[in-house]
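Novice: To start, I am sharing the structure in question, which I have written as structure tokens.
The values are calculated or read from the model by the stated rules, or taken from the named source; none is laboratory data. The structure displayed is predicted, hence computed values, not measured ones. Cβ: placed from backbone, ideal geometry, glycine included. Neighbour counts: every protein chain shown.
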Amino acid sequence: MVLLRILLILALFYYLFRLLFRVVLPWFLARRLRKMQEQHGSRFDNFRRQQQKQEGEVTIHTAPKKGRSGFGPSADEGEYVDYEEIK
């Protein structure tokens, strides 16, 4: 009797997992994929709207270099040393 009960429980788990992997998992993955596509599409639309400019408008985006204040060599560049070639 115990063996029959164990076999029925195993069969029940087997069919539940089949149902899970054939129906529920693809539904869940399709839903997540659709959400990711919507998020990506909205980001792309926002980026494209930012890129559209009026004719003649010029925008320059640069980040300031660290450690450079003014002219001359910075601390990590060293200094120029003049040398003579020896023959």
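Novice: Is it the case that Tyr83 is more than 33 Å from the chain's Cα centre (by Cα) and at pLDDT 90 or above? Walk me through it before giving the result.
Specialist: Values: more than 33 Å from the chain's Cα centre (by Cα): yes; at pLDDT 90 or above: no.
The answer is no for Tyr83.
Novice: So which of Leu25, Leu3, Leu20, Leu29 is surrounded by 10 or more Cβ atoms within 10 Å (Cβ to Cβ) and at pLDDT 90 or above?
Specialist: Going through Leu25, Leu3, Leu20, Leu29 in turn, just one is surrounded by 10 or more Cβ atoms within 10 Å (Cβ to Cβ) and at pLDDT 90 or above: Leu29.
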